[in-house]
Amino acid sequence: MHRLAKAKERLGKENAVMFLSPGDDFRYLLSWSPLGDERLTFLGVSGDEVALVIASVNAQEAREHVGAAISVYAFTDQEGPGATLQKVFGEIASRAQTIYISDDARFDHVEQLRHALQLQKPLLTASQLMAPWRMAKDPDEIEKLKACQAINDQAMLAGLAAIRVGMTEMELQDIIRRAFMANGADRDAFIIVAAGSHSALPHHTPDQTVIAEGPVLLDIGCFKDGYASDMTRVAYVGTPSEDFVHVHRIVNQAVEAGIAKARAFAEAQSIDHAARRVIEDAGYGTYFVHRLGHGIGLSVHEPPSIMAGNPIKVPLYSAFSIEPGIYLPKRFGVRLEEVVIAYPDHAEVLSAVPRDIYQVKR
């Protein structure tokens, strides 16, 4: 548990305590996270102590995962967490100069913690500590990202090959989901199937729309061993229109410009600018409506955010997406997405699936 030791050392130097609710920050420190539900769960970490307060219904599973390294304190549904929180964390919290808490902790759980510990200090977001650690991937994380992306590649190829006139977006979504599982995924993360004019909606939810002549955009990802994958490709049923081919070429050039800039220690905003400028110079700047990319790891979306106005220098071995898009409302959209690992002199692209237009016969 070297990550936990690192957190304790940092918190000890700051005279701080961090409270993590179930989720990816929790999983990053312990290689496991309990179920997050309406029952409060907090892992408290300080320079001196690590303790887990959890509902009794989940306590035995927690003990089996964390072993003797972490003290587990359980409360029953009838008791509620207040007294246990005070017993375990009261003295730690009273001594701490700074208190961090999970960014996505439930509001009611935060209020229970505040009340039990009589917290008067402002609460800082745990991501201020966790995000810099999680951005720089270690060798094991990189291998897991690559393995997950290889599964994603197979599911993407299966989805592209399955496209037929007359099937619905949801039917194609189900084919891709089954391909994930057949190739070893633990579960799918998301599956966007956007046919026709739906391809101009960046986060379209697949429905019963029937696939016909025209574009089909696939943006898919899965999880394997806790790590995520992500990629976007486009197909066209019939002969692609000249406009579609033109826009696809521009978007692909933007991907290449982003990849060329995506080196370790480059500013995130400079990577966004490199790709965005290609689209703006082609006259489609107003139709690129989102940031260029996002970090990926235990979460599908995590720091660094690759966007204008973000001066952060992407760390060595950080993993993030490059996904420019052009969306022409009521007509069509093209987005192409790669996940890369940043090295000092280049970015390694994890997918082996070509970014060409996948043509489907009518």
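The values are calculated or read from the model by the stated rules, or taken from the named source; none is laboratory data. Just so it is clear, the model here is predicted, and its values are computed rather than measured. Methodologically, a virtual Cβ is constructed for each residue, glycine included, from the backbone with ideal geometry; neighbour enumeration extends over all protein chains shown. The area values use the complete protein model at the heavy-atom level, side chains included, leaving out ligands, DNA and RNA. Shrake-Rupley method; radii C 1.70, N 1.55, O 1.52, S 1.80 Å.
So, with +1 on the Cβ of K and R and -1 on the Cβ of D and E, and no other charges, what is the size of the charge dipole of the chain about its Cα centre, to the nearest 20 debye?
420
Counting Lys and Arg as +1 and Asp and Glu as -1, what is the net charge of the other residues whose Cβ lies under 14 Å from the Cβ of VAL251? Cβ neighbours under 14 Å give a net charge of -3. DSSP beta bridges confined to the chain are antiparallel in about 75 percent of cases. Only one item in (1) 69, 40, 34; (2) 66, 44, 36; (3) 76, 58, 40 matches Cα extents along the principal axes in Å derived from the coordinates shown, and that item is (1).
Please give the per residue accessible area of the stretch 123-223, computed with a probe of 1.4 Å over protein heavy atoms only, in Å².
39
If you plug the beta carbon distance of ARG362 and ALA147 into 1/(1 + (r/R0)^6) with R0 = 35 Å, you get a FRET efficiency near 0.45. Give the carbon-plus-sulfur fraction of the accessible surface of the chain in %, rounded to a whole number; probe 1.4 Å, heavy atoms of protein chains only. Taking all protein chains in place, the chain shows 50 percent carbon and sulfur surface. So, counting K/R as plus one and D/E as minus one, what does the shell of residues with Cβ under 10 Å around LEU350 add up to? Neighbour charge sum, excluding LEU350 itself: -3.
Here the stretch 216-362 is treated as a Stokes sphere of Kirkwood radius computed over C-alpha pairs; at 25 °C and 0.890 mPa s its diffusion coefficient rounds to 159 µm²/s. When +1 charges are put on Lys and Arg Cβ atoms and -1 charges on Asp and Glu Cβ atoms, the dipole computed for the stretch 91-227 relative to its Cα centre reaches about 320 debye. Label positions at ALA308 and HIS290, each projected 7 Å from the Cα along the C-beta direction, are separated by 1.7 nm. For the stretch 1-99, the square roots of the Cα gyration tensor eigenvalues, ordered a ≥ b ≥ c, give a/c of at least 1.5 with a/b no greater than b/c, which places it in the oblate category.
Our estimate of slack between GLN97 and VAL57, defined as 0.36 nm per intervening residue step minus the Cα-Cα distance, is 11.1 nm.
Keeping all protein chains in place, calculate the accessible area per residue for the stretch 271-348 (probe 1.4 angstrom), answer in Å².
Each residue of the stretch 271-348 exposes 38 Å² on average to a 1.4 Å probe.
Looking at the stretch 313-362 alone, DSSP beta bridges between its own residues are antiparallel in about 100 percent of cases. Taking 7 Å steps out from each Cα toward its Cβ at GLN86 and GLN118 produces label points 0.9 nm apart.
Cross-link pairs exceeding 20 Å in C-alpha to C-alpha distance, out of LYS146/LYS224; LYS13/LYS137; LYS6/LYS137; LYS224/LYS313; LYS6/LYS261; LYS6/LYS121, comprise LYS13/LYS137; LYS224/LYS313; LYS6/LYS261; LYS6/LYS121. Maximal additional length on extending the ARG3-HIS346 stretch stands at 120.7 nm, based on 0.36 nm per residue less the C-alpha distance. Treating the stretch 11-50 as a set of equal point scatterers at the Cα positions, no solvent, please give the Debye-formula log₁₀ I(q)/I(0) at q = 0.16 Å⁻¹. Log10 I(q)/I(0), no solvent term: -0.41.
For ALA212 and ARG178, a Förster radius of 25 Å and the Cβ-Cβ distance give a FRET efficiency of 0.60, rounded to the nearest 0.05.
Other residues within the sphere of radius under 13 Å centred on the Cβ of SER46, judged by their own Cβ, net out at -1 (K and R +1, D and E -1). Here the alpha carbons of the stretch 192-259 define both size measures, Rg and Dmax, at 13.7, 42 Å.
Residues of the stretch 316-345 with an amide N closer than 11 Å to a point placed 7 Å from the Cα of LEU201 along the Cα-to-Cβ direction: 330. When the square roots of the Cα gyration tensor eigenvalues are ordered a ≥ b ≥ c, the ratio a/c for the stretch 108-149 is 1.5 or more and a/b exceeds b/c, which makes its shape prolate.
When only alpha carbons are used to place a centre, the stretch 2-50 and the stretch 107-135 end up 11 Å from one another. Taking a ≥ b ≥ c as the square roots of the eigenvalues of the alpha carbon gyration tensor, the stretch 199-300 is oblate, as a/c is not under 1.5 and a/b does not beat b/c.
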